[in-house]
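**Student:** Have a look at this one.
The values are calculated or read from the model by the stated rules, or taken from the named source; none is laboratory data. Everything numeric in this text was worked out from a predicted model, so none of it was measured. Virtual Cβ from ideal backbone geometry, glycine too; neighbours counted across all protein chains shown. Only protein heavy atoms, including side chains, enter the accessible area calculation; ligands, DNA and RNA are left aside. Shrake-Rupley method; radii C 1.70, N 1.55, O 1.52, S 1.80 Å.
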Amino acid sequence: MDFSHAPADDGFRHEVRAWLAANRPARAERIPHDEASLAEEFGFLRDWQRRLHAAGYVGLLWPREYGGRGARPTAQAILNEELARARAPQLLNRVGINNTGPTLIAHGTEAQKRRYLPKILSADEIWCQLFSEPGAGSDLAALRTRAQAEGDGFVVTGQKVWTSYAELSGWAILLARTDPSLPKHRGITYFLLDMRSRGITIRPLRQATGSTEFSEVFLDGVRVPGEQVVGAVNRGWEIAMTTLAHERGTGFAFKEQVLQRIALEDAVALARSIGRARDPAVRQEIARRWIDVEIMRLMNCRTLTRLERGEEPGPESSLVKLFWAELTQRLHELGLALEGPRGQLAEGRWQQTWLWSRVASIAGGTSEVQANIIAQRLLGLPR
Ligand SMILES: Cc1cc2nc3c(=O)[nH]c(=O)nc-3n(C[C@H](O)[C@H](O)[C@H](O)COP(=O)(O)OP(=O)(O)OC[C@H]3O[C@@H](n4cnc5c(N)ncnc54)[C@H](O)[C@@H]3O)c2cc1C
């Protein structure tokens, strides 16, 4: 692991910190609790991404010719840390930036890269991900949505589910089966879908937080032109693997570790304000979580060292995802537990973030699936 910092990195950190001090929005990001607050949050986050983009802080690692800065992973890690430390809102176009962009950079045609990448960074086109289906989540290759070749394109019919921001997105990455006669990991094709196409019906799903951030999406004879296929027909599974490898993205690691530290600091402040900071059980719990946050930081340093050497994150990323998910949930449980019986009645910071923290062990691959990967690929245990 390499902990050293180049002077240029410190310079970049100061530049970002100064910019954030002058430009950070006055209000914090909010967890939406209904349709109106979801739409308001969408507009607020789009404005914020546009300001960051204008300052050159979106797509740091992307090639310059598509609007990026061609920077090193350390610069992205520094930016993430500073954004989190300033409690700045997150980027709106996360699917576009973390999933669509890296996939097109690796597998897209030159025309696709020029057409789609710059508008992802500028938040002019917001993306969603049409992968999961009612019978295909952890076992994604079981997907049944069909795409039949017709003329110079395809006609897609099927159902997707849990599509975040479906209603508010202009474009989607879509997996559909083009040859059902092939084994399940083959015969899948990767498409770019215009969400304004005819034949798309979106039915929002209400979450425990009250928000309708994700939806069911029904595709009924939707036409997709041939130039919107990514890579070769029937070879979409390999391309989907690139998307999933980037899903938690370069924006994830260092930002999340700082956010966890902030949650812990907030819990400590709460313990003090209600006179529970001297309770031995509370002190033990806080000390354990402080050690966990530090372990998370060291895991991030190991990932960054690999990325700086030009290596892929590898199966160790499952270790980080599993540890992050459990720690996130424990930190929010700590806040709620400190509030005691009042925590069950109040509707404040901890109630909302506790509900939201349940997502951590499901989205981006469940904790059980991460444990399987760790067992088989890191520990060499049998299936
Ligand atoms: C907030 C949120 C946003 C999401 N956004 C999107 C999105 O934008 N686009 C999209 O395509 N999807 C999205 N998803 C879907 C997400 O990818 C799936 O929920 C996830 O992959 C799990 O699939 P599933 O829900 O079908 O559960 P299942 O796969 O049915 O799993 C059910 C349970 O069985 C366990 N299980 C399954 N297989 C195994 C196994 N082999 N060994 C041990 N245990 C197993 C799981 O761990 C889980 O506990 C989102 C999910 C959430 C929660």
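**Student:** Between 0 and 90 degrees, rounded to the nearest ten: what's the tilt of helix 7-23 against the longest Cα principal axis of the chain?
**Tutor:** The helix 7-23 is inclined about 90 degrees to the chain.
**Student:** Extending each Cα 7 Å along its Cβ direction at GLU265 and ARG203, get the distance between those two points in nm, one decimal.
**Tutor:** Calculated label separation equals 4.5 nm.
**Student:** Hey, what D do you get for the chain in µm²/s if you plug the Kirkwood alpha-carbon radius into Stokes-Einstein at 37 °C and 0.692 mPa s? Mind dumping the intermediate values first?
**Tutor:** Working: Rh = 22.2 Å.
Estimated via Stokes-Einstein, D reaches 148 µm²/s.
**Student:** Still on this structure, I have one more. Calculate log10 I(q)/I(0) of segment 115-160 for q = 0.14, 0.16, 0.18, 0.24 Å⁻¹, where I(q) comes from the Debye formula with a single equal point scatterer on each Cα and nothing for solvent.
**Tutor:** Normalising to I(0) and taking log10 leaves -0.55, -0.67, -0.77, -0.85.
**Student:** Just for the Cα atoms in segment 127-233, what are the lengths along the principal axes, largest first, rounded to whole Å?
**Tutor:** For segment 127-233, the Cα extents along the three principal axes come out at 42, 28, 21 Å.
**Student:** Counting only C-alpha contacts under 8 Å and six or more residues apart, can you give the relative contact order of segment 252-378 as a whole percent?
**Tutor:** 29
**Student:** If you don't mind, another one. How much accessible surface does VAL155 have with a 1.4 Å probe, in Å² rounded to 10?
**Tutor:** Probe radius 1.4 Å; accessible area of VAL155 about 30 Å².
**Student:** Counting only protein heavy atoms, what percent of the accessible surface of the chain is carbon or sulfur at a 1.4 Å probe?
**Tutor:** So the carbon and sulfur contribution to the accessible surface is 54 percent.
**Student:** Between ARG309 and ARG288, how many nm apart are label points set 7 Å from Cα along the C-beta direction?
**Tutor:** 3.4
**Student:** Next question. With all protein chains present, calculate the accessible area of ARG330 using a 1.4 Å probe and round the result to the nearest 10 Å².
**Tutor:** In the full protein context, ARG330 sits at about 100 Å².
**Student:** Where only protein heavy atoms count, and the probe is 1.4 Å, what is the accessible area per residue for the chain in Å²?
**Tutor:** 49
**Student:** Same structure, new question: Distance from the Cα centre of segment 89-138 to that of segment 290-342, in angstrom?
**Tutor:** That distance is 25 Å.
**Student:** Roughly how many Å² of HIS14 are accessible to a 1.4 Å probe, to the nearest 10?
**Tutor:** It works out to around 120 Å².
**Student:** Further, regarding this structure: Quickly estimate the mean residue ellipticity at 222 nm for the chain, helices only: each DSSP H run with n ≥ 4 gives -39500 (n - 2.57), and the total goes over all residues, rounded to 500.
**Tutor:** On the way: 12 runs with 174 residues, N = 383.
Calculated from helices alone, the mean residue ellipticity at 222 nm is -15000 deg cm²/dmol.
**Student:** Give the distance, in whole Å, between the Cα centre of segment 4-82 and the Cα centre of segment 158-220.
**Tutor:** One Cα centre to the other: 28 Å.
**Student:** Moving on to the next point. Summing +1 for each Lys or Arg and -1 for each Asp or Glu, what net charge is found among the other residues whose Cβ lies under 9 Å from the Cβ of GLU82?
**Tutor:** Charge balance in the 9 Å sphere: +2.
**Student:** Normalized C-alpha radius of gyration of segment 181-308, against 2.2 N^0.38 Å? Working shown, then result.
**Tutor:** Numbers: Rg = 22.9 Å, N = 128, 2.2 N^0.38 = 13.9 Å.
With N residues counted in segment 181-308, Rg over 2.2 N^0.38 Å equals 1.65.
**Student:** Then there's this: When only Cα pairs under 8 Å and 6 or more residues apart are kept, what is the percent relative contact order across the chain?
**Tutor:** 15
**Student:** Right, something else. Please go through segment 1-106 and write out the chymotrypsin sites (Phe, Trp or Tyr not before Pro) that DSSP classes as loop and that have at most 11 other C-beta atoms within 10 Å.
**Tutor:** PHE3
**Student:** A further question on this structure: Count the net charge of all other residues whose Cβ sits under 14 Å from the Cβ of ALA142, scoring Lys and Arg as +1 and Asp and Glu as -1.
**Tutor:** Working: positive: ARG144, ARG146, LYS160, ARG177, LYS184, ARG186; negative: GLU133, ASP139.
Summing Lys/Arg as +1 and Asp/Glu as -1 gives +4.
**Student:** Using 0.36 nm per residue, how much length does the chain from ALA149 to ARG278 gain when fully extended, once their Cα-Cα distance is taken away?
**Tutor:** Once the chain is fully extended between ALA149 and ARG278, it gains 39.6 nm.
**Student:** Now a separate question. Just to confirm a number: summing +1 for Lys and Arg and -1 for Asp and Glu over residues other than LEU192 whose beta-carbon lies under 11 angstrom from that of LEU192, what do you get?
**Tutor:** Every neighbour counted, the sum reads -2.
**Student:** Once both labels are modelled 7 Å past Cα along the beta-carbon direction, what's the ILE295-LEU381 spacing in nm?
**Tutor:** In this crude label model, ILE295 to LEU381 measures out at 1.6 nm.
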